[in-house]
Every structure is written in C-alpha cells, then in structure tokens.
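**Student:** I have a structure here, written as structure tokens, and I will follow up with some questions on it.
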Amino acid sequence: MKKSFRLGFAALTVLAFAGPLLASENTPAGADPRLLSAIKKANSEFEVAMTKADIASIVAPYTEDAVFVTPDGTSIKGRAAIEQLYRDRFAKSGPALASKIESQQLMVDGDIAYERGRGLLTRRVNNERVADWARFLTVWQRQADGDWKILRNIVLPAN
C-alpha cells in the first residue's frame, strides 16, 4: 500500500507548476517567456491528464534522457521508463480524482531553470477519498530549438 501511494504521488508531481508562480514575485524578472509558457502548459495539461490517465500528455514535456526521482529515492531514467511508471500506476489504481500544483519559486541560470513547489493528489483508497501533499523540484533545460523540457523531476515527502 505504501509503495502504491509513493508511485501514485510521484505521478502527481511529474509535471507540476505554474499557476501562482507566473503571477508572483517569485518569478525572475526577464524570465524567458518560452519557459513560462512551457511551465504553464505542462501544469494545465498535467492536472487534466492525471484525472484521465492520459500518459502521453503527462510525459510530453520530458527530455528523452530525463530522470524522475520518487519520494523513496528510486530513479526512473528516460522518458520511456517514466511513461511505463505512469502506465503501471494507472493500471494499478486508476486515474487520480483530482490534482493541484502550487509553484513556489522559479530560479533561472542560463539554459537551466529550477522550479520548486508542492502538489496535491486526491485519490480513492478503500472507498475513501484521500488527499496527500508532496514537495517537488523540477529542473527544466532549454533545448537547441529554444523550447524548454523537463530534465530532472524530484519528488520529496511533504515534511
């Protein structure tokens, strides 16, 4: 059960961002509009995709060599493996009832951006609605064509 929760919650934070971040003082002045757009798109698509088990939309913003780190420290390497993580998660427990992302800070250093925040995953466990929070750190990388993709995504326990 605990492993199922971790994988389920890990699923929540794979794309997590934007909403409050884009309108807050925690967005760096002069941040690349393409980065902000990528974060906003990933966030909005992720929240819907989690409730529909839409794996393609969830993994679309990842680089081919992305790494996803679950709360227990397990590293999932490559977009194909991250896709399989979601496929297994949805096969086992179905789509989330709801998901919410709270972006708290964005830091940009050249072609790398660090985005941190927390996310909420609501799911059904033993016929009860359960909502769990976790923290995340996502590393975005500017690609050669100027687009931004997720290079690393780390899920941390809520505290």
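**Student:** Pull up the stretch 76-92, narrow it to residues that are over 14 Å from the mean Cα position of the chain (by Cα) and crowded, with 17+ Cβ neighbours inside 10 Å, then point me to the one that is nearest to D54 (Cα to Cα).
**Tutor:** Step one: list which residues in the stretch 76-92 are over 14 Å from the mean Cα position of the chain (by Cα), which gives 77-78, 80-81, 84, 87-92.
Now drop any that are not crowded, with 17+ Cβ neighbours inside 10 Å, which leaves 89-90.
Numbers: R89: 12, F90: 9 Å.
Checked the stretch 76-92; the qualifying residue nearest to D54 (Cα to Cα) is F90.
**Student:** Could you pull out the residue among A96, A66 that is assigned to a loop (DSSP other than H, G, I, E, B), in contact with a helix residue (DSSP H, G or I) (Cβ under 6 Å, 6 or more places away or on another chain) and at pLDDT 75 or above?
**Tutor:** Numbers: A66 fails: assigned to a loop (DSSP other than H, G, I, E, B).
So the residue among A96, A66 that is assigned to a loop (DSSP other than H, G, I, E, B), in contact with a helix residue (DSSP H, G or I) (Cβ under 6 Å, 6 or more places away or on another chain) and at pLDDT 75 or above is A96.
**Student:** Right, something else. Can you spot a residue in the stretch 36-57 that is in contact with a helix residue (DSSP H, G or I) (Cβ under 8 Å, 6 or more places away or on another chain), within 19 Å of A158 (Cα to Cα) and at pLDDT below 90?
**Tutor:** The answer is no; no qualifying residue exists.
**Student:** I've got another one for you. Just give me the residues in the stretch 91-133 being aliphatic (A, V, I, L, M) and either farther than 22 Å from A29 by Cβ or out of contact with any Asp or Glu (no Cβ under 9 Å at 6 or more places or on another chain) (or both), in sequence order.
**Tutor:** Pass one, the stretch 91-133, residues aliphatic (A, V, I, L, M): 91, 96-98, 101, 106-108, 112-113, 120-121, 125, 130-131.
Within the stretch 91-133, A91, A96, L97, A98, I101, I112, L120, L121, V125, V130, A131 meet the criteria.
**Student:** Right, another one. Within the stretch 100-140, count every residue that is more than 25 Å from P33 (Cα to Cα) and either modelled with pLDDT of 95 or more or part of a strand (DSSP E or B) (or both).
**Tutor:** Applying the first criterion (more than 25 Å from P33 (Cα to Cα)) to the stretch 100-140 yields 120-134.
Next cut, either modelled with pLDDT of 95 or more or part of a strand (DSSP E or B) (or both) only: 120-125, 128-134.
Result for the stretch 100-140: 13.
**Student:** Give the stretch 141-152 a look and list any residue that's in a strand (DSSP E or B) and more than 15 Å from the chain's Cα centre (by Cα), or say none. Break it down into steps so the answer makes sense when it comes.
**Tutor:** The first filter runs over the stretch 141-152 and keeps only residues in a strand (DSSP E or B), leaving 141-142, 148-152.
Result: R142, single match.
**Student:** If you scan the stretch 12-35, which residues turn out to be in a helix (DSSP H, G or I) and modelled with pLDDT of 90 or more? I'd like the intermediate steps shown before the answer.
**Tutor:** Let us first name the residues in the stretch 12-35 that are in a helix (DSSP H, G or I), namely 12-13, 19-22, 33-35.
Residues satisfying the conditions are P33, R34, L35.
The values are calculated or read from the model by the stated rules, or taken from the named source; none is laboratory data. Since this is a predicted model, take the numbers as computed values, not measurements. Methodologically, a virtual Cβ is constructed for each residue, glycine included, from the backbone with ideal geometry; neighbour enumeration extends over all protein chains shown.
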